[in-house]
Amino acid sequence: MQAADIINKYISFFEEKGHKKITNSPLVPQNDPTTLFTSSGMQPLVPYLLGETHPLGTRLVNVQNSFRAVDIEEIGDSTHTTFFRMLGNWSLGDYFKREEIPWFFTFLTKELKLPLEKLYVTVFEGYKDIPKDTEAAELWKELFLKAGVDPEGRILYYGTDKNWWSRSGPPEKMPAGEPGGPSTEVFYDFGTEHDPKFGEKCHVNCDCGRYVELANSVFMQYKKQEDGSLTELPKPNVDFGGGLERMVIAVENQPDVFKTSLLSPIIKAVEKQTGKSYKTHALDMRIVTDHFLAATFIINANIYPSNKDQGYILRRLIRRAFDHFSRLEGENFVPILEAVVEQYKENNPELVDNFEKIKLTIIEEVSKYSTALNKARIFIVKKYPSATSGQVGDDLMGVKEITPDDVFYLYSSHGLSPTQIKNLGYTFDEQAFADKMKAHKDLSKSGAGQKFKGGLADQQEKTIMGHTATHLMHQALRDMFGTKLHQSGSNITAERVRFDFNLDRKLTDEEVGHLENTVNEKIQQNLPVHFEMIPTEEAKKIGAIGLFEDTYQDVSKIYFIGGDSKHSEDAYSIEFCGGPHVDFTEKVKSFKIIKQEALGKGFRRIYATVG
Ligand code: SER
């Protein structure tokens, strides 16, 4: 049973129980400036968990590509990967614990045939007014008993640090408006020996690798309020998330995810290209595999390496993968990328079409990295002439100390991490550098806080205005450059609209003027904006455009701007979109382009303001 079989079994299991399959959302969330990557299946469902009606009903299932950048530098152990796939099933105010827990159990034990004696369960021990989840514990107990396994010692209670789930962590960290709730988790016991480095005694939440969390079912029934309290949502939801890679290690009883049928072909490609063995070079090979895999999916989501946001994460992944690949004395990494596509193309066939772009983007970034390293060497050699012979390249002759300010300069201007600078052969006061970084992060955090907090109502309105403006701009650009032009990403905050599209050159001043005028004209015409839920095929027939074509399978939410009849084909803009939008274009007030930039091969980015 391989990864693709597990996906199929899971989807069919829940489809049989009345769930509708929703397709994988983009890895880079659209129109959600608060988060860089989709990091769980529930993320695109937040509005529905808070009570919005979902077009496909109250029972949903999917497999979601996810990325967690929590700490890229941590990658290298046997179970973690930055990119992973999450199996998810949801009840939007429909079924609850009595249905969910037995399904969870049946899927693991009957469909995946995991041995019962290897499974351990945790439930919520309670917090303030929120009671201990004895109901979940009882349900698990009955299931184990019925299956002939003694539940004694298998069902354990934990607090908000382990058995509470929200996107921001435990209740005190949840911002107002955020949904969350107690969870129940299932762990798989590999029976390996405990490593005392991780504590005196082993337990399910121990990090020594003996127990691995397979899946987590969240009983999402609370919402954080402005005053810090938690109130019950109108209807309680279920949010189940199971790591596909974790299911694979359990099914194969293989504690090292890099040795499973899913990732070992990529490791083999690394071994082949470096002539080294995984047995003796596991750490480097895990990093190369994880980072090239994640970079492939991030580029596939139309992100290019840069010094900001997702682009910066991508840059770090590629550069770090390349560092470790070079340490292994590898020369050609392209076959590793080919191995990635080979392993993932069944569920992500678009990787095949995008392969040239993925490959070229990584090659280009690696070459920029080499240039940055050379520039760093020249900078240091010039600044510390007495310490070297003055020849570029000779700086590795001895270990030289450089100032934390210079390290910070190399980090912020050339994108070099402290480790990369150390690899060049320099030392520096690491604590002083860490303090500098912290001060810098605190500063940007307070900036981000200002950006996303103060005056939320007004911001919300501005963001919605900006969203409608992107639809107008999208159509205006297609009128100017033809229907091959399409949106490749967007990010909207109250301050500005950011819109990416495919075009291989800069817009001339005249074109910028024309684009602004067209959008402003449409704003002034005060066109009505409305949406309809229509069958996807029909939506395509009437020419609906957009990135979101794959958001829903059978039925799609389509936004119309202009036109006055149902399914109005005479509308100015028809686009697949989740919303929200203003109801009449006049509410956008005005539209102004403030900047344009190149993104990478054949892609451009426009920044604009509204209001
Ligand atoms: N939201 C939960 C998680 O990400 C379950 O889907 O783990």
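Between residue 537 and residue 353, what's the calculated FRET efficiency when r is the beta-carbon distance and R0 is 25 Å? Round to 0.05. Let's see the in-between values first.
Details: r = 22 Å, r/R0 = 0.87.
E between residue 537 and residue 353, to the nearest 0.05, is 0.70.
Using alpha-carbon positions, what is the distance between the centroids of region 225-245 and region 458-525, in Å?
Computed from Cα coordinates, the inter-centre distance equals 35 Å.
Taking other Cβ within 10 Å of each residue's Cβ, how do 202, 577, 208 sort, fewest first? Write out the running numbers ahead of the final one.
Numbers: 202 19, 577 25, 208 15.
Placing the least packed residue first, the sequence is 208, 202, 577.
Sort the chain into rounded, prolate or oblate with this rule: let a ≥ b ≥ c be the square roots of the eigenvalues of the Cα gyration tensor; rounded if a/c is under 1.5, and if a/c is not under 1.5, prolate when a/b is larger than b/c, oblate otherwise. Present the calculation step by step, with values, prior to reporting the outcome.
On the way: a/c = 1.61, a/b = 1.02, b/c = 1.58.
Here the chain falls in the oblate category.
Would you calculate a helix-derived [θ] at 222 nm for the chain, using -39,500 (n - 2.57) for each DSSP H run of n ≥ 4 and dividing by the full residue count, to the nearest 500? Walk me through the intermediate numbers first.
Details: 17 runs with 233 residues, N = 611.
Theoretical 222 nm ellipticity from helices: -12000 deg cm²/dmol.
Once you order the gyration tensor axes a ≥ b ≥ c over the Cα atoms, which shape class does region 65-205 get: rounded for a/c under 1.5, otherwise prolate or oblate by comparing a/b with b/c?
Details: a/c = 1.37, a/b = 1.06, b/c = 1.29.
Rounded.
Using a basic spin-label model with each label point 7 Å from the Cα along Cα→Cβ, how many nm lie between residue 168 and residue 508?
Label-label distance for residue 168 and residue 508, simple model: 4.9 nm.
Arranged by the count of other C-beta atoms within 10 angstrom, fewest first, what order do 185, 586 take? Don't jump to the answer; show the numbers that get you there.
Details: 185 23, 586 13.
Least crowded to most crowded, the residues run 586, 185.
Nearest 5 percent is fine: what portion of the DSSP beta bridges confined to the chain is antiparallel? Show your work: numbers first, answer last.
Values: 72 of 81 bridges.
Of those bridges, close to 90 percent are antiparallel.
Could you list the trypsin sites (Lys or Arg not before Pro) in region 479-516 that lie in coil according to DSSP, counting only those with at most 12 other Cβ atoms within 10 Å of their Cβ? Could the numbers behind the result be given before it?
Values: sites: 484, 496, 498, 505, 506; in loops: 484, 496, 505, 506.
Answer by residue number: 484, 505, 506.
Suppose every Lys and Arg Cβ carries +1 and every Asp and Glu Cβ carries -1, with no other charges. What dipole size does the chain come out with about its Cα centre, to the nearest 20 debye? The partial results should precede the final answer.
Details: 74 positive and 87 negative charges, 216 e Å.
So the dipole magnitude of the chain works out to roughly 1040 debye.
Within a 10 angstrom radius of the beta carbon, how do 486, 281 rank from fewest other beta carbons to most?
Numbers: 486 14, 281 18.
Ordered by Cβ neighbours within 10 Å, fewest first: 486, 281.
Please give the contour-minus-distance gain from residue 364 to residue 481: 0.36 nm per residue of separation, less the Cα-Cα distance, rounded to one decimal in nm.
Values: separation 117, 0.36 × 117 = 42.12 nm, distance 2.74 nm.
Result for the pair: 39.4 nm of gain on full extension.
I need the shape label for region 186-265. Rule: rounded when a/c is under 1.5, else prolate if a/b > b/c, else oblate, with a, b, c from the alpha carbon gyration tensor. Could the numbers behind the result be given before it?
Details: a/c = 3.43, a/b = 1.78, b/c = 1.93.
Oblate is the answer for region 186-265, as a/c is 1.5 or above yet b/c matches or exceeds a/b.
In region 231-262, which residues have a backbone nitrogen under 18 Å from the label point lying 7 Å from residue 50's Cα in the Cα-to-Cβ direction?
Answer for region 231-262: 231-239.
At residue 342 and residue 436, where each label point lies 7 Å from the Cα along Cα→Cβ, what is the point-to-point distance in nanometres?
4.5
Starting from the Cα-Cα distance between residue 231 and residue 427, subtract it from 0.36 nm times their residue separation and give me the gain in nm to one decimal.
On the way: separation 196, 0.36 × 196 = 70.56 nm, distance 5.23 nm.
Contour length minus the Cα-Cα distance gives 65.3 nm.
Just to verify a number: FRET efficiency for residue 334 and residue 595, C-beta to C-beta distance, R0 = 25 Å, to 0.05?
Numbers: r = 35 Å, r/R0 = 1.38.
Using R0 = 25 Å, I get an efficiency of 0.15.
Laboratory data are not the source of any read-out in this text; all were calculated from the coordinates shown. Bear in mind that the values here come from a model prediction, so they are computed numbers and not experimental data. A quick note on method: Cβ atoms are made from the backbone with ideal geometry, for glycine too, and the neighbour counts reach across all protein chains shown.
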